[in-house]
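The values are calculated or read from the model by the stated rules, or taken from the named source; none is laboratory data. Since the model is a prediction, treat every value here as computed from it, not as a measurement. Every residue, glycine as well, gets a Cβ built from its backbone with ideal geometry; the counts of neighbours run over all protein chains shown. Note: areas computed on protein heavy atoms with side chains; ligands, DNA, RNA excluded. Shrake-Rupley method; radii C 1.70, N 1.55, O 1.52, S 1.80 Å.
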Amino acid sequence: MRGQVIPQQPLWYAIDIESLIAADHPLRDVKRRADAVLVAMDREFRKAYSKVGRPSVPPEMLLKALLLQALYSIRSERRLVEEIQVNLMYRWFLDLSLDAPVWDATSFTTNRERFEKHGLIRSFFDRVVESAYLEKLASVDHFTVDGTLIDSYASMKSFRRRDADAVKVRDGSDDGDPGNPTVNFRGEKRSNATHQSLSDPEALLYRKAAGQPSRLCHSAHALMENRNGLLIDISVAQADGHAERAEALAMVERTRERQKVRVRTLGMDAGYDAGPFLHTLEHEKGVVPHLPTRRGKITGTNEAADARRKARRRKRNKGYQLSQRIRKRVEEIFGWAKTIGGARRARHVGRWKIGQHVLLVGTAYNLLRLARMALREASPAAAA
């Protein structure tokens with residue numbers, strides 16, 4: 001029998017939002033883990049906020065809302081606020097009652113500098129990693145490092161000569177768009193030495209490989225543990241071709257200081273094949289590098305050449321072969337961060353803001369992976 005639409009809706013509802021969320025929904029475990037970490041950060045939050053004045057939007061809510069943005073590929077903070085307004089599951093995740101108003105999107109902007117000044121987002125990320133180590137879900141010996149590019153928020157049209165008078169720009173009046181003039185780069189050689197983006201001065205022109213176009217971009221760098229593919233550290237630097245090696249050394253040191261973990265082996269691709277870097281990594285940091293060296297005879301008798309020879313001989317070991325096979329899993333992190341987390345192109349101008357976004361995307365990735373692992377252990381059929 002055909003059902004009928006009842007036009008008169010009741011005035012009051014008794015809703016238990018908890019019952020609307022599936023018992024095996026990954027967001028349940030993500031919420032539990034995120035709440036436990038944020039409770040442990042209470043002292044840090046109290047230091048970051050004044051004891052007098054009007055109450056702010058709870059920083060716990062702001063951080064968890066940014067996790068939702070990464071987990072559900074929400075394109076902007078303004079759109080995120082709109083989604084929280086109408087989505088019951090988002091309100092449940094944020095511990096926001098049904099009749100509570102949602103804050104304005106500018107709350108993220110006004111708190112961004114506070115988060116950076118007190119290192120709250122970095123602390124959030126590090127504490128999630130620490131929880132994985134406490135549960136013995138991350139390796140303490142074997143790791144992988146890799147880098148990728150993040151397209152700048154700026155357009156290529158903004159990449160102008162530092163001498164503004166030399167820029168060839170039409171006024172755009174003939175194409176009906178005076179606010180977006182055409183820039184003519186024909187016959188002009190562009191480089192980071194002579195040109196700079198007006199919109200994002202920290203972005204550099206970089207070409208990843210021969211035959212590929214140059215792009216305005218920043219570089220992101222990740223340190224992954226090899227047991228379960230969890231992200232141990234992530235950072236953003238300039239795309240100058242040398243940042244990968246510098247950030248690798250920095251992340252190895254940060255992991256030792258913050259997680260009390262000493263990296264023993266480090267899988268890499270051929271882009272890290274530089275003798276001084278390998279020597280520093282092995283002799284100063286105590287890390288055994290696993291990387292494919294470039295073809296050709298290694299000449300020289302200095303320490304850098306010796307480090308490359310050792311790396312080449314190491315390619316015959318079983319440990320090297322295993323490390324190189326697992327190394328490719330770091331691309332899953334970059335793939336998720338770019339396609340789901342929205343890190344393919346920067347949403348902000350300023351490298352420290354991009355770094356905040358990448359840290360939150362990395363935190364969301366780890367929390368979701370830990371939730372999936374817990375679900376797999378509890379019910380292998382459900383996880384599949």
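Assorted remarks:
- Estimated from the Cβ-Cβ distance and a Förster radius of 30 angstrom, the FRET efficiency linking residue 305 and residue 189 is about 0.30.
- Per residue, the convex hull spanned by the Cα atoms of the range 40-167 measures out at 211 cubic angstrom.
- Diffusion constant of the range 1-50 at 25 °C, which comes from Stokes-Einstein with the Kirkwood Cα-pair radius and 0.890 mPa s, µm²/s: 159 µm²/s
- Prolate/oblate/rounded call for the range 308-384, Cα gyration tensor, a/c under 1.5 rounded: oblate
- Where only C-alpha atoms are counted, convex hull volume of the range 63-128 per residue in Å³: 95 Å³
- Relative counts (whole %) of C-alpha pair distances in the chain, using bins that are 20 Å wide: 23, 49, 24, 3, 0
- With each label modelled as a point 7 angstrom along the Cα→C-beta vector, the residue 297-residue 372 pair spans 4.8 nm.
- Couplings 3J(HN,Hα) of the range 109-121, computed from phi: 5, 5, 9, 4, 5, 5, 4, 6, 4, 9, x, 6, 6 Hz, in residue order, whole Hz [Karplus 6.51 cos²θ - 1.76 cosθ + 1.60, θ = phi - 60°; x for Gly and Pro].
- Full extension of the chain between residue 95 and residue 32 gives 21.5 nm of extra length, using 0.36 nm per residue less the Cα-Cα distance.
- Pair-distance distribution of the range 195-256: all C-alpha pairs, bin width 10 Å, starting at 0; shares per bin in whole percent are 21, 40, 29, 10, 1.
- Top of 115, 334, 143 by mean-square fluctuation, Gaussian network on the chain, Cα under 10 Å: 115
- Working note: Cα atoms of the range 178-325, range along each principal axis, descending, whole Å: 61, 39, 26.
- Pairs spanning more than 22 Å between alpha-carbon atoms, out of 64/353; 117/338; 117/353: 117/338.
- Compactness of the range 253-384 - radius of gyration and Dmax, Cα, Å: 18.6, 58
- Given +1 at the Cβ of Lys and Arg, -1 at the Cβ of Asp and Glu and no other charges, the dipole of the chain around its Cα centre is 1660 debye to the nearest 20.
- For residue 191, the solvent-accessible surface with a 1.4 Å probe is about 40 Å², rounded to the nearest 10.
- FRET efficiency, 1/(1 + (r/R0)^6) with R0 41 Å, evaluated for residue 325 and residue 20 via beta carbons: 0.45
- Take every DSSP beta bridge whose two residues both sit in the chain; close to 75 percent of them are antiparallel.
- Modelled FRET efficiency - R0 41 Å, residue 352 with residue 2, Cβ distances, 0.05 increments: 0.10
- When a 1.4 Å probe is rolled over the protein heavy atoms, the share of accessible surface on the chain that falls to carbon and sulfur comes to 51 percent.
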